[in-house]
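> Can you read through this structure? Questions will come right after.
The values are calculated or read from the model by the stated rules, or taken from the named source; none is laboratory data. Keep in mind that this is a model prediction, so the values were computed, not measured. Note: ideal-geometry Cβ built from the backbone for every residue, glycine included; neighbour counts use all protein chains shown. We work out accessible area using only protein heavy atoms, side chains counted, and drop any ligands, DNA or RNA first. Shrake-Rupley method; radii C 1.70, N 1.55, O 1.52, S 1.80 Å.
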Amino acid sequence: IMSGGLLLYLNPRRSKSTIIYEYSFPSISNMLSSWCQYEALKYVSFPAATLFKSFKLAPVMAMGKLLGNKEYPQYDYVVALVIGLGITMFMSGSEELEFGYDVHGEKASAAWTGVMLLGFFLFFDSFTSQWQSRMFQRHRDLSMIELMFAT
């Protein structure tokens, strides 16, 4: 009710060039990324999931290259690699942050399921942001408010 009222109040300009199905891709990927993120907590601890999400830079760069033909300087690739190595070293050196424990601190039966779900989370989350950037590049008349309510 509140979003509908806000939509009526803001009355964003409607994009004439955007095809309605284009909104479904970021909507579905956003929903899937949220589901994967929260479902992974059944298999890994919250600190482990939070650290895993810190590696978001590399998938976002890869998806930007794939969807948007974006170019990144070599420095950014080095930074993403160093962050990934740092997270890996920290996770392997700390016993309290192992992937084998769920959010309640109990031993999880399938830790690799949690790691896979976190990988899917990073994939879908990076897809969502890069697809929205792609929509803004292709449809200059698209407003941020319209995209927010559509996704």
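> If you count only protein heavy atoms with a 1.4 Å probe, what accessible area per residue comes out for the chain, rounded to a whole Å²?
65 Å²
> Please report the carbon-and-sulfur percent of the accessible area for the chain; probe 1.4 Å, protein heavy atoms only, DNA, RNA and ligands left out.
Carbon plus sulfur share of accessible area: 65 percent.
> Phe127: net charge of surrounding residues, Cβ under 13 Å, Lys/Arg +1, Asp/Glu -1, itself excluded? Write down the numbers at each step before the final one.
Details: positive: Lys56, Lys65, Arg134; negative: Asp125.
Summing Lys/Arg as +1 and Asp/Glu as -1 gives +2.
> Right, next: What fraction of the Cα pairs in region 3-90, stated in percent, has a spacing above 18 angstrom?
66 percent
> If you average the C-alpha positions of region 108-151 and of region 1-30 separately, how far apart do those two centres end up, in angstrom?
16 Å
> Within the chain, what is the longest stretch that has no GluC sites (Glu not before Pro) placed in a DSSP loop and near at most 13 other beta-carbon atoms within 10 Å? Could the numbers behind the result be given before it?
Numbers: sites that count: Glu71, Glu106.
Looking at the chain, 1-70 is the longest stretch - no exposed GluC sites (Glu not before Pro) with at most 13 other Cβ atoms within 10 Å.
> Now for a different question. Give the cross-link partners of Lys16 among the lysines, using a straight C-alpha distance below 27 Å as the criterion and excluding same-chain residues fewer than 8 apart.
The qualifying lysines are Lys70.
> Express the Stokes-Einstein translational diffusion coefficient of the chain in µm² s⁻¹, to the nearest whole number, given a Kirkwood radius over alpha-carbon pairs, 20 °C and a viscosity of 1.002 mPa s.
Here the translational diffusion coefficient equals 123 µm²/s.
> Under a point-charge model restricted to the Cβ atoms of Lys and Arg (+1) and Asp and Glu (-1), what is the dipole moment magnitude of the chain relative to its Cα centre, in debye to the nearest 20?
The calculated dipole for the chain is roughly 760 debye.
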